[in-house]
Amino acid sequence: MSTSNEVTGADSAPDDPGAEEPAAGSSARAANESASEAATGAPSGTTAVPDQATAPDTPPRDVSDGRPETSYDAHFRVWRGDPEGGRLEDFTVEVNEGEVVLDIIHRLQATQAGDLAVRWNCKAGKCGSCSAEINGRPRLLCMTRMSTFERADVVTVTPLRAFPVVRDLVTDVSYNYTKAREIPSFVPPAELAPGEYRMQQEDVERSQEFRKCIECFLCQDTCHVVRDHEENKQSFAGPRFLMRQAELDMHPLDAAEEQGLDRKTSAQEEHGLGYCNITKCCTEVCPEGIRITDNALIPMKERVADRKYDPLVWLGNKIRRRS
Amino acid sequence: MATGTTPSAETDSPDHPPASGGVRDAPGRAAISARHLRVDRWWLAPGATALGLFAFVVYSTWRAFSNSDYYAAPYVSPFYSPCLADNCETMKGGPNWELFGSWWGLSPALIILIFPLGFRLTCYYYRKAYYRGFWASPPACAVAEPHRKYTGEKRFPLILQNIHRYFFYAALLVAVVLSYDTLLGFRNAEYEWGHMGLGTVVFLVNIVLIWLYTISCHSCRHIIGGRLRHFSKHPVRYRMWGFVGKLNERHMSLAWASLVSVAVADFYVYLLATGAFDDPRFF
């Protein structure tokens, strides 16, 4: 008899979290976008002109004019533009102790570039809205501390480069919602009614790691399969949604297979798992520290190998079914 | 619409071919001409990886084809064990199994090295390493790759990476033989048991690292328990899966450590066989 804790109730309800998450994320981001648009006074494509007193050639300097010594002026380069074009613009902007890059972007909005568009919401690394690229690396603006840079560093901030740009730092991430809808949702077991689901902790803990995902889409942005090859977007779901496939395939109560839906085969044939060459960039950029490659993508590849490329497993399954 | 959930007509329509291009020129993306904006030394890791792997390939190729200086009693080089051809040196009590008979005229190392080579070539860590280091696909995260097209591991020959588990089974057998060789290292040059030298320590370290690397493999993790859906019904396999999972977190380190150790063990035997020095004996 097992002595493990049981997980019951709401967590095991036959809902469709995969279908809900994008919608929730969508509304949160739509709200933020509205906030950004509200903050923007100028028409699309308008660019900010740096103040003469803070010209780009001015080197970053320590400040001793009444401000704390921990304050300094940093050199920022921020991409401004829209789908028609744009460029990196230089700004010199005040930085204070304890601030993150999002604080500096907000200061730019408040002091030098009122029409700078940026999407943000929680400022706590939990909503996944403020994804951007900082010095070429996909990161959350709100979780990148200014203390990680030297004072003399030039900090370059651009929008996510794998997705179409809307304006400035805001990108159109609807590709991800399209892919989310393509993943078949949780299939409840026919013999159980809601409220009767029982799962052991050790059976669900693998999937719980994947549930930490905040859908910032940094993994989708950094994955070279679509970042460097736009044409692959049609046939490749990306690490976030292949992880979703793995989560459902490992779910102890998912009855997809009993109802004729083979998640392993569909992951390979319909969602492009074979494109993944496990170079682990998705894992490197994940702000939640989810080991996407080791715990989701590679196990899924092994499950696909069971189903499609391993004659011994195939034979074993045949024999077992006969008996 | 920035966050809309309505798919664009162009994306879904069969009448429109999918847009192509990369990070610099795909339609609609931020117009940034640079292939990356990273300012850190992103090239260091793939460069060092490529250099390390290249050095090993050069060394192992030389040693595998040399067909000499691979046995100095009681030690046999891991590159030549088990020795499956008739043209092997006689190793008293050693891994001489002449399955290939006398027709094989090349170095006997070439027969057996296929298996550890295949295991490492299809290993999930090494795949990352050489895709990045040699093929630049991608060279580093958020650094554009130079290739115009990409199909990943969907097609031949890379679809063959899916047979990694079979090389894992073979690697298990090779590891068993190398364990036997390590045991033979507790003899002296006259084949008397109960002795130990510096070579014994070298072989012991090597075999421990070989085993750790082998069982920390992702395929092993899957076979042990990863393929299960209900761990609660298989408590022993669940615990083993957890143990392998902990090792698996260090798979990269173990891959490098065992690669170096196997080369060191071979080079140690080479030095002894060429008479460069005598094996220091402890007892």
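Bear in mind these aren't lab numbers, they're just calculated from the coordinates by the rules spelled out. Everything numeric here is computed off the predicted structure, so don't read it as measured data. We place every Cβ from the backbone using ideal geometry, glycine too, and count neighbours over all the protein chains shown.
Brief remarks follow.
- Under 12 Å from a label point set 7 Å out along the Cα-to-Cβ vector of B:ARG229, no amide N atom of segment A:197-227 is found.
- Once the C-beta distance of A:GLU94 and B:VAL176 is scaled by a Förster radius of 60 Å, the resulting FRET efficiency is 0.35 to the nearest 0.05.
- The convex hull around the C-alpha trace of segment A:100-179, projected and averaged over every direction, spans 5.6 square nanometres.
- FRET efficiency, B:LEU198 to B:TRP103 (Cβ-Cβ, R0 35 Å, nearest 0.05): 0.40
- Magnitude of the charge dipole for segment A:209-287, about its Cα centre and with charges confined to Cβ atoms of Lys, Arg (+1) and Asp, Glu (-1), is about 260 debye.
- Dipole magnitude of the protein assembly as shown, debye to nearest 20 (Cβ charges: Lys/Arg +1, Asp/Glu -1, about Cα centre): 1440 debye
- Orphan Cys of chain B, criterion: no other Cys C-beta under 4.7 Å: B:CYS123
- For the peptide A:239-245, the mean number of other protein chain Cβ atoms found within 10 angstrom of a residue's Cβ is 0.
- The ellipsoid equivalent to the alpha-carbon distribution of the protein assembly as shown has semi-axes of 50, 32, 22 angstrom, derived from the gyration tensor eigenvalues as √(5λ) and listed largest first.
- Of interest is the spacing of the C-alpha centroids, which for segment B:235-251 and segment A:152-210 amounts to 27 Å.
- Per-pair calculated FRET efficiency, R0 = 22 Å: B:LEU121 and B:ALA48 via Cβ, rounded to 0.05: 0.70
- Distance between modelled label sites at A:MET143 and B:ALA31, nm, 7 Å Cα→Cβ extension: 3.3 nm
- Simple rule: put +1 on each Lys or Arg Cβ and -1 on each Asp or Glu Cβ in segment B:48-273, find the dipole, and look at B:PRO146, B:MET252, B:CYS217; the Cα lying farthest toward the positive end is B:PRO146.
- Among A:MET250, A:MET143, the ranking by other beta carbons within 10 Å of each residue's beta carbon, starting with the fewest, stands as A:MET143, A:MET250.
- Here the label points at B:VAL236 and A:ASN121, each 7 Å from Cα along the C-beta direction, are separated by 4.8 nm in the simple model.
- Normalising the average separation of contacting C-alpha pairs (under 8 angstrom, six or more residues apart) by the number of residues puts the relative contact order of chain B at 20 percent.
- Spin-label model distance (nm) - A:LYS318 vs B:LYS92, 7 Å beyond Cα toward Cβ: 5.2 nm
- For segment B:218-231, Karplus couplings with θ = phi - 60° (6.51, -1.76, 1.60), whole Hz, Gly/Pro x: 5, 5, 4, 4, 5, 5, 4, x, x, 7, 6, 9, 10, 4
- Options B:LEU158, B:SER81, B:VAL208, ranked by Cα towards positive dipole end of chain B, top entry (Cβ charges): B:LEU158
- Nearest 10 degrees, 0 to 90: helix B:198-215 Cα axis against chain B principal axis: 30 degrees
- Direction-averaged projected area, Cα convex hull, chain B: 22.3 nm², rounded to one decimal.
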